[in-house]
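The values are calculated or read from the model by the stated rules, or taken from the named source; none is laboratory data. The structure displayed is predicted, hence computed values, not measured ones. Positions of Cβ are backbone-derived with ideal geometry, glycine not excepted, and every protein chain shown enters the neighbour counts.
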Amino acid sequence: MIASRRLSASVLALAAFAVMGAGKNWVTEVERTDVSHIIGNPEAELQLTEFISYTCPACGAFSRQGEEIVKLAYVGPGKAKLEIRHVQRNVVDITATMLAWCGPKEKFLRNHVALMFAQDKWLAKLDKVSDGQRRRWFSGPEAQRRKAVASDLGFYDIFEQRGYGRVAIDRCLSDQAMAERQARATADDATTYFVTSTPAFAIDGVKLTGTSSWEMLEPQLNARF
């Protein structure tokens, strides 16, 4: 494990130098579809799709390690593009997803990173919510439920630090059409890609069987380049 972390750090450093010396950094190129974001060179030779749930600790671990390496070593130089798709398991997932999407597409990646790098803190709050708090998450209008989740887990604080005002955050959490699109996408992905657990991955639309971590994904990416 220690050796793996050292290797990952070395890969990050080398990739950072490579991107800086290669001109355009394709991580800044973002396409927004109805249900996902695609980061990178539109003409990249490979597309990696990541299926994640914000309440999944293994997804957070991948995001903080493997996803960063993917962006630097593969997406940044233009070799691959990364699609991030969301799996909605509960009201916390949909609340986090709607906040990640808040604002223009250019803000998505940093919003996503902010949620994942703070995941340990807000999951700890999730473990300690009271029965009264949980009742607010499952009663009343759905937008109000999501606002209660955002308040109880500290999402407002995270996004205010990102420069969002309370009104803008509430507007994003009130987008019921988006909430329904994401719920349908989760159901569709379960049928199309057989996504039954997270994280899951696909390369060029083909799901990678038995792949649920960076250690499993990395050799499969390396074999393509």
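Data overview
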item: Test for residue 49: is it more than 19 Å from residue 207 (Cα to Cα), in contact with a strand residue (DSSP E or B) (Cβ under 8 Å, 6 or more places away or on another chain) and buried (at least 18 other Cβ atoms within 10 Å of the Cβ); result: no
item: Residue ID - nearest to residue 50 (Cα to Cα), chosen from residues in region 84-105 that are touching a Ser or Thr at 6+ places or on another chain (Cβ under 8 Å) and surrounded by fewer than 19 Cβ atoms within 10 Å (Cβ to Cβ); result: 89
item: Single residue of region 169-197 satisfying the filter (farther than 15 Å from residue 97 by Cα and of a type in the set (A, V, I, L, M, F, W, C)) that is surrounded by the most Cβ atoms within 10 Å (Cβ to Cβ); result: 195
item: Cβ-Cβ under 7 Å pairs, at least 6 apart or on other chains, region 198-225 side at pLDDT 95 or above, far side of a type in the set (Phe, Trp, Tyr) and surrounded by fewer than 17 Cβ atoms within 10 Å (Cβ to Cβ); result: 207/194
item: Selected residue (criterion: nearest to residue 121 (Cα to Cα)) from residues of region 142-170 that are in contact (Cβ under 8 Å) with a residue 60 or more places away in the chain and part of a helix (DSSP H, G or I); result: 153
item: Only one of 138, 194 that is more than 17 Å from residue 111 (Cα to Cα) and more than 20 Å from the chain's Cα centre (by Cα); result: 138
item: Residue within region 140-159 that is modelled with pLDDT of 95 or more, closer than 29 Å to residue 71 by Cβ and surrounded by fewer than 18 Cβ atoms within 10 Å (Cβ to Cβ) present; result: yes
item: Which numbered condition residue 84 misses (of (1) under 11 Å from the mean Cα position of the chain (by Cα); (2) closer than 17 Å to residue 172 by Cα); result: (2)
